[in-house]
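The values are calculated or read from the model by the stated rules, or taken from the named source; none is laboratory data. For clarity, every value in this text was computed on a predicted model and none was experimentally measured. Here the Cβ positions follow ideal geometry from the backbone for every residue, glycine too, while neighbour counts run over all protein chains shown. We work out accessible area using only protein heavy atoms, side chains counted, and drop any ligands, DNA or RNA first. Shrake-Rupley method; radii C 1.70, N 1.55, O 1.52, S 1.80 Å.
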Amino acid sequence: MAETILLVEDEEKLARMVELELRYEGYEVEKAFDGRTGLERALSGSFDLVLLDIMLPQLSGMEVLRRLRRERSTPVIMLTARDSVIDKVSGLDSGADDYITKPFAIEELLARIRAALRKRTAAPEETLLTAGPLTMNVDKHQVTMKDQPVELTKKEFDLLRHLLENKGHVLSRETLLDSVWGFDFVGETNSVDVYIRFLRSKLDEAFGFKLIHTVRGVGYVIREN
Ligand code: CA
């Protein structure tokens, strides 16, 4: 199956040229012309690699990278217009796998793409969060309990992920609301309790293992025993 590359670049002529070259090499290509759309695509699709311009309208490439890295380990090559040391350092610090300075020779870009894809194949970077018999593969968006797959909605997944990332630490309803629902949130703080109930019924009760504990008057915590 062809590897799929997301190209986030606002200079449409350049994007078109790169797209043609990539397609010629056998890659599937999707394009986005601004940072916000690029981030949405990168988070919703399953790309093998992202080519990310730094100077983008709506959301800078650096910001796209920062937000993408909270959820995905997709290889990212930054395209930078300036040969700026600052851009390179902060790009690599923010989790970019490589960068290339514009204008670039297409052969060089292709070589870097191949290198980034090879690196990924050699050592697939997957974030696994565990608690007792529960395993969450953050990159694949999969949850298993006692090796059996568990279907979760997006909110359930996000809530569980947050609890797992803070395993052993009690989180208040307010903290969970803020981290999981954030700006989208409209409603009552008991949304947290409702979703905790959903998770308990799909995990603790379905598999007979108590993971999610209530700390009265404080909040919730995942404990392994
Ligand atoms: Ca640009």
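When the accessible area of the chain is split by element with a 1.4 Å probe, what percent falls to carbon and sulfur?
Heavy-atom surface of the chain belonging to carbon and sulfur, 1.4 Å probe: 50 percent.
The string of couplings for the range 94-106 from the Karplus curve (6.51, -1.76, 1.60, θ = phi - 60°) is 7, x, 6, 8, 6, 8, 9, 8, 7, x, 10, 7, 4 Hz, one whole number per residue in order, with x for Gly and Pro. Inter-label distance, H213 to E28: 4.5 nm, where each label sits 7 Å from its Cα along the C-beta direction.
Extending 7 Å from Cα along the Cβ direction at S60 and again at D178 yields two label points whose distance is 2.5 nm. Secondary-structure-derived ellipticity at 222 nm for the chain, considering helices only, amounts to -11500 deg cm²/dmol, per-run term -39500 (n - 2.57) for DSSP H runs with n ≥ 4. Amide H contacts for V29 (H built 1.01 Å from N in the peptide plane; partners 5 or more residues away or on another chain; cut-off under 5 Å): I5.
Remark: spin-label model distance N137-E12 equals 3.9 nm, labels positioned 7 Å along the Cα→Cβ axis. Eigenvalues of the alpha-carbon gyration tensor of the range 145-223, scaled by 5 and square-rooted, set the equivalent ellipsoid semi-axes at 20, 14, 11 angstrom, largest first. Number of Lys-Lys pairs in the chain with C-alpha atoms under 16 Å apart and a separation of 8 or more places or on different chains: 11. Using θ = phi - 60° in the Karplus curve 6.51 cos²θ - 1.76 cosθ + 1.60, the 3J(HN,Hα) couplings for the range 194-206 round to 4, 6, 4, 4, 4, 5, 4, 6, 7, 10, 4, 6, 5 Hz; x is entered for Gly and Pro.
Computed over neighbours whose Cβ is under 11 Å from that of K210, the net charge equals -1, Lys and Arg +1, Asp and Glu -1.
Under a Cβ-only charge scheme (Lys and Arg +1, Asp and Glu -1), can you give me the dipole magnitude of the range 1-81 about the Cα centre, in debye to the nearest 20? Write down the numbers at each step before the final one.
Working: 11 positive and 16 negative charges, 73 e Å.
Once rounded to the nearest 20, the dipole reads 360 debye.
Amide H contacts of V76: V50, D97, D98, each under 5 Å away and 5 or more positions distant or on a separate chain (H built 1.01 Å from N in the peptide plane; Pro and chain starts excluded). Think of each Lys and Arg Cβ as +1 and each Asp and Glu Cβ as -1; about the Cα centre, that makes the dipole of the chain roughly 740 debye.
The string of couplings for the range 13-21 from the Karplus curve (6.51, -1.76, 1.60, θ = phi - 60°) is 5, 5, 4, 5, 5, 4, 4, 4, 5 Hz, one whole number per residue in order, with x for Gly and Pro.
Which of the three applies to the chain, rounded, prolate or oblate, going by the alpha-carbon gyration tensor with a ≥ b ≥ c and a/c under 1.5 meaning rounded? Please report the intermediate quantities before stating the final value.
Details: a/c = 2.65, a/b = 2.06, b/c = 1.29.
Prolate is the answer for the chain, as a/c is 1.5 or above and a/b outweighs b/c.
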